[in-house]
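Here's the structure we're looking at; comments come further down.
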Amino acid sequence: MTTTVKCIKCGEEKPALAAPPFRAGTKLGPLGEEIQQKICSPCYKDWIAMSVKLVNELRLDTTDPRGQELWLKQMKIFLNLDESSDPWARNLDKRVVVETVDGRTLTATLIGADDHRLTFSDFEGGVPTGFAAGANKGAASIARDALKTVEPAA
Ligand SMILES: [Zn+2]
């Protein structure tokens, strides 16, 4: 039985890589695991094809740390693995409906997303409890842990 993955690049349920593309225990081990869990095998093959072009066109020296860094950065962008691939960060600057883990829902504009907190503004009906008011008037943030879903508002 082939393991499939809901791919964050193409959005489809497709076969996963048989093994992580980077060896476990190395610096890139965790990234390799992330790729195996999030990216389908066809999309990773697309990246490899793209990567060959990139190395040729940019004359990337992948034995050089700076070349490797650039290569990795391009890979993350191509595979939707960079920070902007944060499903909640994709809704930055948009009206969203937020559901908290304690079951409240509210509508606000998502204005910031860091590793730990999301920040909203323009709450409908005032800043709800559980949100820490920010420096900006009308903006408040909440720990990601306290959120269940953040969906674009209809
Ligand atoms: Zn895919």
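In region 117-138, the qualifying residues are those that are modelled with pLDDT of 85 or more and not in a loop (DSSP other than H, G, I, E, B), and the one that is nearest to P87 (Cα to Cα) is L118. The criterion of being of a type in the set (F, W, Y) and in contact with a strand residue (DSSP E or B) (Cβ under 6 Å, 6 or more places away or on another chain) does not hold for W71.
Residue-wise test of (1) assigned by TED's automatic domain parsing to the domain that holds I48; (2) under 21 Å from G11 (Cα atoms).
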{"site": "L70", "(1), (2)": "yes, no"}
{"site": "K76", "(1), (2)": "yes, yes"}
{"site": "G103", "(1), (2)": "no, no"}
{"site": "R117", "(1), (2)": "no, no"}
{"site": "F120", "(1), (2)": "no, no"}
{"site": "F123", "(1), (2)": "no, no"}
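Within region 86-111, the residues that satisfy the criterion of being surrounded by fewer than 17 Cβ atoms within 10 Å (Cβ to Cβ) and modelled with pLDDT of 90 or more are R95, V97, E99, V101, D102, G103, R104, T105, T107.
Let me confirm something: among D114, D145, which residue is under 22 Å from the mean Cα position of the chain (by Cα), at pLDDT below 90, open to solvent by 50 Å² or more (accessible area, probe 1.4 Å) and not β-branched (V, I, T)? Quick ask: steps written out before the conclusion?
Working: D145 fails: at pLDDT below 90.
Just one listed residue meets the conditions, D114.
Among the helices (runs of 4 or more DSSP H) confined to region 1-82, the ones with at least 1 residues that are within 16 Å of the ligand (Cβ to nearest atom), of a type in the set (G, A, S) and free of Cβ contacts under 8 Å to residues at least 24 places away in the same chain are located at 41-57.
The values are calculated or read from the model by the stated rules, or taken from the named source; none is laboratory data. Remember, it's a predicted structure, so these values are computed and weren't measured experimentally. Cβ: placed from backbone, ideal geometry, glycine included. Neighbour counts: every protein chain shown. These area figures cover heavy atoms from the full protein model, side chains too; ligands, DNA and RNA do not enter into them. Shrake-Rupley method; radii C 1.70, N 1.55, O 1.52, S 1.80 Å.
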